[in-house]
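Colleague: What follows is a structure written as structure tokens; I'll ask about it next.
The values are calculated or read from the model by the stated rules, or taken from the named source; none is laboratory data. Bear in mind that the values here come from a model prediction, so they are computed numbers and not experimental data. Neighbour counts are summed over all protein chains in view; Cβ atoms, including those assigned to glycine, are modelled from backbone coordinates with ideal geometry.
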Amino acid sequence: MANAFLARASEVGRLVDSFPRWLLKKAGRAGRKPRLRSEDLRRIERGLKRGPQALGYETNLWTSSRVAHLIEHECGVKYDPSQAWRILRQLGWSCQRPTGRALERDETKIQQWKKDRWPELRRSHRGRLVWEFVREQRGRIWLEFLPAYAPELNPVEYLWSHWKQHELPNFCPKSVGELSHYARKALRRMRRRPTLVMAFWEQAELFPL
């Protein structure tokens, strides 16, 4: 049986030798060839760093349709906006939620308040005289005004954001009463999670100092 196998193997060898060489070329890459070359990707990344305003847009915010426009403008290759994010992921870019901040903000004043005023408030709130004063007010609240246009310094802003996006997502109440019921219920759940409440202070960069 071994001799028969060797004979057949030699016949196969002679048969292969008789084939034209062009039929025996190595198969190419399977699937569709990439539409963008490496130099195209570098060109796209440079365009991303320049910002969408360089393409004539009014705001400096990238969207999927704007990225598709950039790819077509830079490389002449048309992508559907839903596919443009695949190119961004290939370049190491990710989707980020923009942070809205007022143009009227005084950054110097905000940083000064965090550096000087907030540590003073933290220390005074722990003092014996302060607690005595609070007790004398019988539930009244002492208000401390934050710098203008700086909601990120207020921990409660992060609480409201978590409340809306995580505790009550896609909630469609049938009435104001139903909304009030579930909103208060969600707040009670959050109140039982001290680590979550502390995280809002940490997001405001007010604790720890």
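Colleague: Among the numbered criteria (1) in a loop (DSSP other than H, G, I, E, B); (2) out of contact with any helix residue (DSSP H, G or I) (no Cβ under 6 Å at 6 or more places or on another chain); (3) modelled with pLDDT of 85 or more, which one does Tyr79 miss?
Modeller: Tyr79 satisfies all of (1) in a loop (DSSP other than H, G, I, E, B); (2) out of contact with any helix residue (DSSP H, G or I) (no Cβ under 6 Å at 6 or more places or on another chain); (3) modelled with pLDDT of 85 or more except (2).
Colleague: Kindly indicate which of Arg105, Arg89, Arg97, Arg43 is of a type outside the set (Asp, Glu), at pLDDT below 85 and surrounded by 12 or more Cβ atoms within 10 Å (Cβ to Cβ).
Modeller: Values: Arg89 fails: surrounded by 12 or more Cβ atoms within 10 Å (Cβ to Cβ); Arg97 fails: surrounded by 12 or more Cβ atoms within 10 Å (Cβ to Cβ); Arg43 fails: at pLDDT below 85.
Result: Arg105 is the single residue among Arg105, Arg89, Arg97, Arg43 that is of a type outside the set (Asp, Glu), at pLDDT below 85 and surrounded by 12 or more Cβ atoms within 10 Å (Cβ to Cβ).
Colleague: To continue, here is another question. Residues of the stretch 161-209 being within 21 Å of Pro151 (Cβ to Cβ) and among the basic types (Lys, Arg), which ones?
Modeller: Selection gives Lys164 alone.
Colleague: Provide a single number: the residues in the stretch 123-175 that are of a type in the set (Phe, Trp, Tyr) and at pLDDT 70 or above. Even if it seems obvious, please write down each step before you answer.
Modeller: Our first condition is that a residue be of a type in the set (Phe, Trp, Tyr); within the stretch 123-175, this holds for 131, 133, 142, 145, 149, 158, 160, 163, 171.
Still in the running and at pLDDT 70 or above: 133, 149, 158, 160, 163, 171.
Number satisfying all stated conditions: 6.
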